[in-house]
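One structure is given here, and the rest of the page talks about it.
What follows draws every value from the coordinates through simple rules; no lab data is involved. All figures in this text were calculated on a predicted structure; none of them were measured in a lab. So basically every Cβ, Gly included, is an ideal-geometry build from the backbone, and we count neighbours across all protein chains shown.
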Amino acid sequence: MTDLTLTPERERLRQELAVAVRAKPVPTHIGIIMDGNGRWAKQRGLTRIRGHQVGARRVKTVVRFADKLGVRHISLYAFSVENWARPSFEVSALMRLIRAYIVRERNDLHAENARFRIIGRVAELAPEIIEEARQSTELMKNNTGLTLNLCINYGGRAEIVDAVKKLVAEGLRPEQVTEEAIARRLYAPDLPDPDLIVRTSGEMRISNFLLWECAYSELYVTDVLWPDFDEVELLRAIQAYQGRERRFGKTGDQIGGKR
């Protein structure tokens, strides 16, 4: 089994970075495009499925540490609407991994006061995944800690299309169609827009992830592959975010952050 434990040197670096990061505001919501499981496995002569298995174990590390840092929401891009086009054996393996993760982590997440939900076209998933997710969401609904949003069968364009379909079904007139009206009909209308979106594996694209919500998100791309994305890498991403000036269309002078 691949050891995800930090080396002593890496642990010292984690502690140093954590002190610096905790001295400044951390992102309220972080979205992560977890990319690179297959490449990680190929580099080691392993199967793609093995890469996904190690990547699934990495999720626990990152979610738990994000919670300790004070992050309130974390959205993980686990399976896109486009991923159904992958080889059937890989899709089946991914679905088994997702279900196993939901079942395995349910009690630990609950014990840590976390909340859980799936975001995406949930009705199209296998009944057993829908049921396990429902049980987890119900169990943790009154918790007050970090919310883990697992994006499964998710696509940013699909989310916008589904929101527009709701508008049409409700018979809204053109003048009633506003940004707020669309936002209220997204998959998770109560979820704040992500402050930071992290992409592992070095690919410079958003890959249809949270398209509506990421309008003013800060982007952080690292060459590190997802199975290697440990606590130190999360701290580096947050530290990069903390060094930026978020303007939301205004000037630096307007927001009092002249540099």
Cβ-based net charge around Ala126, under 14 Å, with every Lys or Arg adding one and every Asp or Glu removing one: 0
Exposure proxy ranking, count of Cβ atoms within 10 Å, fewest first, for Phe229, Phe65: Phe65, Phe229
Cβ-placed point charges (K, R +1; D, E -1), dipole of the chain about Cα centre in debye, nearest 20: 280 debye
Förster-model FRET efficiency, 41 Å R0, Lys24 and Glu138, C-beta, rounded to 0.05: 0.70
Helix-only mean residue ellipticity at 222 nm for the chain, each DSSP H run of n ≥ 4 adding -39500 (n - 2.57), per residue, nearest 500: -14000 deg cm²/dmol
Residues with amide H under 5 Å from that of Glu218, placed H, sequence gap 5 or more: Leu196, Ile197
Shape call, region 106-168: gyration tensor on alpha carbons, a/c limit 1.5: prolate
Within region 26-61, trypsin sites (Lys or Arg not before Pro) in DSSP loop having at most 13 other beta-carbon neighbours inside 10 Å: Arg44
Span-rule helices in the chain, defined as complete DSSP H runs reaching 24 Å or more along the axis (Cα) with Kyte mean at least -0.5: 48-69, 88-111
The chain: translational diffusion in µm²/s, Stokes-Einstein, Kirkwood Rh over Cα pairs, 10 °C, 1.306 mPa s: 82 µm²/s
Debye-sum result for region 123-259 in log10 I(q)/I(0), which assumes one identical scatterer on each alpha carbon, at q = 0.10, 0.14 Å⁻¹: -0.49, -0.93
Within region 64-160, trypsin sites (Lys or Arg not before Pro) in DSSP loop having at most 14 other beta-carbon neighbours inside 10 Å: Lys141
Region 129-218: relative contact order as a whole-number percent, Cα under 8 Å and 6+ apart: 31 percent
Among Ala20, Ala163, Ala66, residue whose mean-square fluctuation peaks in a GNM of the chain (springs only between Cα atoms under 10 Å): Ala20
Over region 1-110, relative contact order from alpha-carbon pairs under 8 Å, at least 6 apart, %: 30 percent
Top of Leu97, Leu17, Leu167 by mean-square fluctuation, Gaussian network on the chain, Cα under 10 Å: Leu167
Options Ile119, Val91, Val54, ranked by Cα towards positive dipole end of the chain, top entry (Cβ charges): Val54
GNM result for the chain, Cα springs below 10 Å: residue of Leu146, Leu94, Leu13 fluctuating most strongly: Leu13
Rel. contact order, % - alpha carbon contacts under 8 angstrom, at least six apart, the chain: 27 percent
Rounded FRET efficiency, nearest 0.05, which uses the C-beta distance separating Lys42 from Arg10 and R0 of 22 Å: 0.40
For the chain, with +1 on Lys and Arg beta carbons and -1 on Asp and Glu, the positive-most of Ala237, Leu148, Ala169 along the dipole: Ala237
